[in-house]
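Take a look at the structure below.
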Amino acid sequence: MKDKTKELENANKPILQRRKHTLAVCPGSFDPVTYGHLDVIHRAASVFDKVIVAVLKNASKNPLFSIEERKDLLIAVTKDISNVEVDSFDDLLINYMNEKNAHVIIKGLRAVSDFEYELQMASLNRKLNEEIETFFMMSSTQYSYLSSSIVKQIAQYNGPVSDLVPREVEHALQVKFANR
């Protein structure tokens with residue numbers, strides 16, 4: 001057993017040495033950013049040297065907020081986290097990772113159903129670039145039910161969302177739905 005452990009340590013040594021000071025990317029649509037997202041972002045920022053929160057344009061979704069609006073909201077609610085940067089991309093995640101020279105993807109998971117999809121994506125990403133690692137962070141229990149879709153449904157009918165999103169996001173939702 002000891003020999004096997006040593007063998008694994010040696011096999012991974014170059015990877016571990018190369019990644020001691022790690023840039024991680026936390027991709028998502030963030031439409032809008034919720035306290036669940038912020039929980040994962042804060043926790044990732046405490047583990048990795050730098051975290052890029054990357055807003056992606058997802059062709060299969062019809063977002064409420066533009067990419068620029070989502071970026072602005074993320075910048076506002078993460079401004080106090082010194083090692084977090086907000087960016088956006090409209091490409092394969094792996095291409096973005098290569099462009100940024102990043103080796104870690106952070107994905108938040110709420111339930112088993114999230115895991116099934118995210119595992120498939122992590123496997124595809126690993127096939128496209130074997131140097132990319134995906135780290136799954138379980139959402140804190142208090143946010144396990146929370147999604148951007150639920151927040152938008154509640155806000156659309158003037159329901160209370162102050163416990164689900166930061167004040168800036170709540171205000172942006174009120175403005176969006178007042179103009180519809």
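The values are calculated or read from the model by the stated rules, or taken from the named source; none is laboratory data. This one's a predicted model, so the numbers in the text were calculated from it and none came from an experiment. Ideal geometry is used to build each Cβ from the backbone, glycine not excepted, and the neighbour counts take in all protein chains shown. For accessibility, only protein heavy atoms count, side chains too; no ligands or nucleic acids. Shrake-Rupley method; radii C 1.70, N 1.55, O 1.52, S 1.80 Å.
Please report the net charge: other residues with Cβ closer than 11 Å to the Cβ of Asn125, K and R +1, D and E -1.
-1
Using amide H atoms built 1.01 Å from N in the peptide plane, name the residues 5+ places from Val86, or on other chains, whose amide H lies under 5 Å from its own.
Here the answer is Val53, since their amide H atoms fall under 5 Å of that of Val86.
For segment 26-103, what % of the accessible area comes from carbon and sulfur atoms, probe 1.4 Å?
On segment 26-103, the fraction of accessible area on carbon and sulfur atoms equals 47 percent.
Test of understanding: express the Cα radius of gyration of the chain as a ratio to 2.2 N^0.38 Å, with N the residue count.
Taking the Cα Rg and dividing by 2.2 N^0.38 Å, one obtains 1.12.
Please list, ordered by chain and number, the residues whose modelled amide H lies under 5 Å from the amide H of Val25; skip anything fewer than 5 residues away on the same chain.
When sequence neighbours closer than 5 places are left aside, the close amide H contacts are Ile52, Val104, Ile105, Ile106.
Where Lys and Arg each count +1 and Asp and Glu each count -1, what net charge lies around Val40 among other residues with Cβ under 14 Å from its Cβ? List each step's numbers first, then the result.
On the way: positive: Arg43, Lys107, Arg110; negative: Asp39, Asp114, Glu118.
Local charge sum for Val40: 0.
With a 1.4 Å probe and all protein chains left in place, how much accessible area per residue does the chain have, in Å²?
Dividing the accessible area of the chain by its residue count gives 61 Å².
Arranged from highest to lowest average of other beta-carbon atoms within 10 Å per residue, in what order do the peptides 43-53, 105-115 appear?
The most tightly packed comes first, giving 43-53, 105-115.
Amide H of Met138: which non-local residues (sequence gap of 5 or more, or other chain) have their own amide H closer than 5 Å, using H built in the peptide plane?
Amide H neighbours of Met138: Leu109.
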